[in-house]
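The values are calculated or read from the model by the stated rules, or taken from the named source; none is laboratory data. Values in this document were obtained by computation on a predicted structure and should not be read as measured data. Ideal geometry is used to build each Cβ from the backbone, glycine not excepted, and the neighbour counts take in all protein chains shown. The accessibility values were calculated without ligands, DNA or RNA, using every heavy atom of the protein model including side chains. Shrake-Rupley method; radii C 1.70, N 1.55, O 1.52, S 1.80 Å.
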Amino acid sequence: HLFGILIGDLRLKNIVVDSFGNPCLVDIDSCQIENLPCPIGYPDFTPPELQHIEFKKVLRTYENEDFSCAVLLFKLLFCGIHPYDQRNGAETIEEEISDRSFPYPQNIQGDFTKIPWGGYEEMWRHTPHQMQTFLYDIFKNSIRYSLQEMILMLKTYNAFLDLKKAERPLLNQISF
């Protein structure tokens, strides 16, 4: 982004992580550079306003890509599940994205019946409220946070996890 390049074709398969945990983008031959559109994109990483639009005819914005990065963030935090996957949902993920049909409730008293099976309800229940609100704002209220704001939220979340880890000793730290 610092150089005016939008990836456009952002998805998990285009990221490789080395043995040290460093991510690297691969298969980025179809980026958007200045006024040259990126003709490639996948519906599950496409924001609501670009669903069903031919990519080669539109220039994407940083806000469009912020949505794609937020989907990636959600998938990383929730073991690969898409933020719009849900029980008894629409036929396609494109419909769910277009309808902003985010199945996770804004608060703990909300409706959990649409969250997919597989422990995602418990993962959401144990996600800090600040992170829940952040994700709810993105996927339900269409608020676009910048990449810098997402990084800051991840750092905050990491600090929260470090605090929780300090509260619970590791098994090898317990003496019998």
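Tabulated data for the structure shown
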read-out: Most to least accessible of His129, His1, His82, His52 (protein chains only, probe 1.4 Å); value: His52, His129, His1, His82
read-out: Kirkwood-type radius of segment 1-53, with distances r between different C-alpha atoms, in Å; value: 12.3 Å
read-out: At 1.306 mPa s and 10 °C, Stokes D of segment 1-156 from Kirkwood alpha-carbon radius, µm² per second; value: 97 µm²/s
read-out: Net lengthening on full extension, Phe20/Ala90 (0.36 nm per residue, minus Cα-Cα); value: 21.3 nm
read-out: Förster radius 22 Å - calculated FRET efficiency between Phe3 and Leu77, Cβ distance, rounded to 0.05; value: 0.20
read-out: Theoretical gain in end-to-end length, Lys155 to Arg125 [0.36 nm per residue, Cα-Cα removed]; value: 8.8 nm
read-out: On Cα atoms only, tilt of 129-139 relative to the major axis of the chain in degrees; value: 20 degrees
read-out: Accessible area per residue, Å², segment 1-160 with all protein chains present, probe 1.4 Å; value: 56 Å²
read-out: Accessible area of the chain belonging to carbon and sulfur atoms, whole % at 1.4 Å probe; value: 58 percent
read-out: With Cα atoms, 0 to 90° folded angle of helix 147-167 axis to the chain main axis; value: 10 degrees
